[in-house]
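The numbers here are math on the coordinates, done by the rules we state, and not lab data. Computed from a predicted structure; not experimentally measured. As a convention, Cβ positions derive from the backbone with ideal geometry for all residues, glycine included, and neighbour counts pool all protein chains shown.
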Amino acid sequence: MVQAVAPAMIDDTSIERSPGYWSTVWRRFRRDPVAMIALGVILLLILIAILAPYITPHDPYRGATLRRLRPPGTPGHWLGTDELGRDMLSRLIYGARLSLFMGVTPVFFALFIGSAIGITAGYVGGWVNTILMRTIDIIFAFPSVLLAIALSGAMGAGIVNGLISLTIVFIPPIARIAESVTTSVRNLDYVEAARASGAGGLSIVRKHVLGNVLGPIFVYGMSLIAVSMILASGLSFLGLGVRPPEPEWGLMLNTLRTALYTQPMLCALPGIMIFITSISFNLLTDGLRSAMDIKA
Amino acid sequence: MLTYIAKRVIYTLPIMLGVTIVCFLLVHLAPGDPLVSVLPPDASEQLRQQMMALYGFDRPYAEQFIKWLGRALGGDLGTSIRTNRPVVAEVSKAVSNTLMLAALATVIGFVLGGLFGFVAGSFRDTWIDKVASAISVAGVSVPHYWLGMVLVIIFSAQLGWLPPTGAGPGGSDNWVWDWAHIRHMILPAVTMSVIPMGIIARTVRALVAEILSQEFIAGLKAKGTSSFGIFKHIVKNAAPTALAVMGIQLGYLLGGSILIETVFSWPGTGLLLSDAIFQRDLPLLQGTILVLACFFVVLNLMVDVVQTAIDPRIARS
Amino acid sequence: MASDTAIAAAAAPSAAQTAGEPSRALLEAVELVKHFPIKSGVFGRANAVVRAVDGVNFSLYPGETLGIVGESGCGKSTTARVLMNLIKADSGNVLLNGRAPGTPELSLKEFRSQVQMVFQDSYASLNPRLTVEDSIAYGPTVHGLGGGEAVRRARRLLDRVGLDPRRFAGRYPHELSGGQRQRVNIARALALEPKVIILDEAVSALDKSVEAQVLNLLLDLKDEIGLTYIFISHDLEVVRFIANRVMVMYLGRVAEIGPTDALYTGGRHPYTTALLGSMLSMNPDERTMEAPLAGDPPNPIDPPSGCRFHTRCAMAESVCSAKTPALTVSGAGHLAACHMVDPTSGHSKAAA
């Protein structure tokens, strides 16, 4: 083979570069219509949440007793009014902020903490693993709804307490997945080869383990967002978590229960929003999982 | 095999102990006055002290814990502050009510879930799969308590076919297995079955699709095995994981139905728990959480054992 | 029983002996032992052990290729990993130029830069998220080489192993064929500029034509750079082609070690003759009518007493189950662990 250029002189531009892992994933994801629609819906919801102050027609906190429980389609209140006369559309839009926030934030924090615990346990192994994972198992022994409610009940209602209890609920499943994935990666040949090169633990984790482990953990975390939203709204529904008069979809479901027989459509609306958001996140995660499953 | 079971049981003990400690801590470290439901607001300080001593709330935590644990192991979970009845009695009644719902929900959810999942996995990527998968995703994404409300709207408010709340004409204390009572079970049970149905359907679908793509299936077909024979092989291979998922779902059904029971006013463990939380009924709260958590742990253990019985490879790993 | 140094000296290639003094061993394995406990019972106590490596001695001399052969479960791969210090030996020493790694005289990191390994599974050995050049450059960066210089070295090595850096440096492992991946693994092993490379079934998974190319590459590199190889394989023909000396392992111990031709034509250990005799001939007139080796290899959990091979040996006698034979000199640079070779053993066929 004749080399026109000495290998040491080859600069970066003449190297053919293959697209990296995540660009390949994105390319595959783009070709999945369902996943793209789900992504679009979520981005739209996020946009609505951010722009809430500018797009709501009425003040979501102000109500008038005379205008209570108007059905959807009432002029001036397209989606009707709630039991205190507040405009439903405005409250639904503002509710997006809190509901999305309560859905995403606990998972976000749980991802950090749970991954740290799980990856450490998985990589170090031995008694460290045993102690960490057995402790996690104890928390995991409680069904999540029960735990969330018990924790919230113990700490009292309120957004911050709700966030804390949900974060605690989600740390064990994430830690378990992190540990499981890390253990399987750790036993692969290329990690052994890295050790054979003389690298120390931290370097191996940073360069070899993290890149292969964070993907699956992240996707798993995403699949929990829908659950988190439903749990958070459930907490508000029970009177824990978000308190009135804050607009939050779950809380709205609770307060509108009294109108179940008179204005059923009003009751259904916040639930529809939760449903749409939740199903979009689930479809998004499904699409992401398929896209990431690249068989060589 | 027996050694494996013994090993797993011993394994579970420290977890159970941890669970009881967490239970206790949860309840006692919470802010709020445990006696708020029994004492009038203007009770004298002396009365308060007396009541505290009566219930043992003035002792140090460790002592309270040991005492409580000791009695619990003997079957006595204390007395509910609110109703003055033994906690054990309250909890067992609630548990049996929840079990009824859970049983029905299990049957509906698991059967439908398994069916949808199996069909979707076998006919992967066809329209059958897409429909079944869509139903499963919807099942998993729906806020179940909202679904309960919707069902109530449709079947109670609009159509008037089924009652919206309660456990029958005489309440759960006078339960009889007749239509007048059973019709109260239908809506809550159906509502409860939806999320497990979705999860099981999705899990089974993935399992079945994976198994069918493995080479030994081609080998079976080449041998001329009948469709039923292949079906048996699929079931055998999918069973361990499917059972594990079902077990977990059963655990959730047993304990996590708080929201649905609230919607339907069904007097089960969920409602009991929620009342205990809001009334700050400490003994009841502790006892209920403990029973539920232990249920869950025992259930996991049983699932492990059954899994191993079906697939001996797991014990050796 | 001869001392370890004497054994080592006796195992030296004959050329060195005629020169009057044994050449210095580059790598030595001294009484390596590695047992793996099997956990059973309720409390996970180790009731039994897998005696994967049970007293292995040999020396590796500069510039040679030592082949290691044996059936599955004989401990070849475990020995390789113990040599590499990827698994800690229960007892015994690995010495590089007379110094043990992990001591003040020779740090583990320094040892690693001298002894490298190429694994069997070419795909699993490479991080699927790293490009080829990043995988190769990783080792040098760990040892202090700057990022840019490491990448330049990686590209030089790619060229050396026959892969055009312009086409391959930016690729990912799943885009390469098996043979190309093994070349990458070889380049990676070379990146630290080691003296010894252990090849653990490195060509076993490749197509025959590709295998031939890679083998030729290995030979060229050895001559160019002056490497020393340990070549582990179950493919006896390949070992015959590439190795100067061969070591035969059985159930965690060395059965025989010596020059390739001596073992392949006149092995002294019954296992060697049986194993190497089970190679099929290409000559239709020389058909093998009977399998020379009967039965399955016994379990390394509970090996037979005395000589491990006595249960399958046609010439076994009572002394064979009573006493474990040591490696005894049977020719220039040729050792066998068999009572028939040792005049003092008491075996009826032992040379007087």
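Using alpha carbons only, the radius of gyration of the range A:31-128 set against its Kirkwood radius gives Rg/Rh = 1.25. Counted as membrane-span-like here are DSSP H helices of chain A whose alpha-carbon atoms extend 20 Å or more along the helix's own axis and whose Kyte-Doolittle mean is -1.0 or above; these are A:33-50, A:88-124, A:126-140, A:159-186, A:210-238, A:264-292. With a Förster radius of 35 Å applied to the C-beta separation of C:SER305 and C:SER91, the computed FRET efficiency comes to 0.95.
Normalised by the number of residues in chain B, the average gap of Cα pairs under 8 Å and 6 or more apart makes the relative contact order 27 percent. Mean sequence separation of contacting Cα pairs (under 8 Å, at least six apart), scaled by the length of the range C:196-291, corresponds to a relative contact order of 20 percent.
Oblate is the label for chain A, because the ratio a/c of its alpha-carbon gyration tensor axes (a ≥ b ≥ c) is 1.5 or higher and a/b is not greater than b/c.
Between helix C:208-221 and chain C, what is the angle of the helix's C-alpha long axis to the longest principal axis, kept within 0 to 90° and rounded to the nearest 10? So the inclination is approximately 80 degrees. Spin-label pair C:HIS174-C:GLN213: with each label point 7 Å from Cα along the Cα-Cβ axis, the two points sit 2.3 nm from one another. Anisotropy class assigned to the range C:106-205 is oblate, per the alpha carbon gyration tensor with a/c at or over the 1.5 cut-off and a/b no larger than b/c. Over the range B:160-296, the pair-distance histogram of Cα-Cα distances with 5 Å bins from zero comes to 2, 9, 14, 14, 13, 12, 10, 8, 7, 5, 4, 2, 1, 0 percent, rounded to whole numbers. Span-like helix check, chain B: qualifying full DSSP H segments, with Cα axial length of 24 Å or more and mean Kyte-Doolittle of 0.0 or more, are B:2-28, B:87-122, B:179-212, B:227-255, B:282-310. Charged neighbours of A:LEU132, selected by a Cβ distance under 12 Å, balance to 0 (K, R count +1; D, E count -1).
The GNM of chain C, with springs linking C-alpha atoms under 10 angstrom apart, assigns the highest mean-square fluctuation among C:PRO284, C:PRO62, C:PRO128 to C:PRO284. Inter-label distance, B:MET302 to B:GLN49: 5.0 nm, where each label sits 7 Å from its Cα along the C-beta direction. Altogether, the Stokes-Einstein calculation at 37 °C and 0.692 mPa s, with the Kirkwood radius of the protein assembly as shown over Cα pairs as Rh, returns a diffusion coefficient of 99 µm²/s.
With springs only between Cα atoms under 10 Å, which of B:ILE153, B:ILE289, B:ILE135 fluctuates most in a Gaussian network model of chain B? Result: B:ILE153 has the largest fluctuation of those listed. Name the shape class, rounded, prolate or oblate, that the alpha-carbon gyration tensor gives for chain B, where a ≥ b ≥ c are the square roots of its eigenvalues, rounded holds for a/c under 1.5, and otherwise prolate holds if a/b is larger than b/c and oblate otherwise. Oblate, since a/c reaches 1.5 and b/c is not below a/b. Going from the residue with the fewest nearby Cβ atoms within 10 Å to the one with the most, A:THR258, A:THR135, A:THR81 rank A:THR258, A:THR135, A:THR81. Rounded to the nearest 500, the helix-only mean residue ellipticity at 222 nm of chain A stands at -22500 deg cm²/dmol, with each DSSP H run of n ≥ 4 adding -39,500 (n - 2.57).
Mean partner shielding of peptide C:121-129, defined as the number of other chain Cβ atoms within 10 Å of each residue Cβ, is 6. Of C:SER209, B:SER257, the sequence from fewest to most neighbouring Cβ atoms within 10 angstrom is C:SER209, B:SER257. Among the trypsin sites (Lys or Arg not before Pro) in the range A:214-296, those located in a DSSP loop and surrounded by at most 10 other Cβ atoms within 10 Å of their own Cβ are A:LYS295.
Computed over all pairs of different Cα atoms, the Kirkwood value for the hydrodynamic radius of the range C:211-265 is 12.3 Å.
The modelled label-to-label distance for the pair A:ILE131/B:ILE66, using points 7 Å beyond Cα in the direction of Cβ, is 2.5 nm.
What separates the Cα centres of the range A:71-124 and the range C:204-266 is a distance of 65 Å.
Its relative contact order, with pairs defined as Cα atoms under 8 Å and 6+ residues apart, puts the range C:119-256 at 25 percent. Taking each DSSP H run with n ≥ 4 as -39500 (n - 2.57) and averaging over every residue of chain C yields -8500 deg cm²/dmol at 222 nm. The helix-based estimate of mean residue ellipticity at 222 nm for chain B, built from -39,500 (n - 2.57) per DSSP H run of four or more residues and divided by its residue count, is -25000 deg cm²/dmol to the nearest 500. Just to be sure I understand: with springs between alpha-carbon atoms less than 10 Å apart, which residue in A:ASN129, A:ASN187, A:ASN282 has the highest mean-square fluctuation in the Gaussian network model of chain A? Result: A:ASN187 has the largest fluctuation of those listed.
Counting every other Cβ atom within 10 Å of each residue's Cβ, A:LEU44, A:LEU266, A:LEU251, C:LEU206 order from fewest to most as A:LEU44, C:LEU206, A:LEU266, A:LEU251. A straight chain from B:ALA218 to B:LYS232 at 0.36 nm per residue would run longer than the Cα-Cα distance by 3.6 nm.
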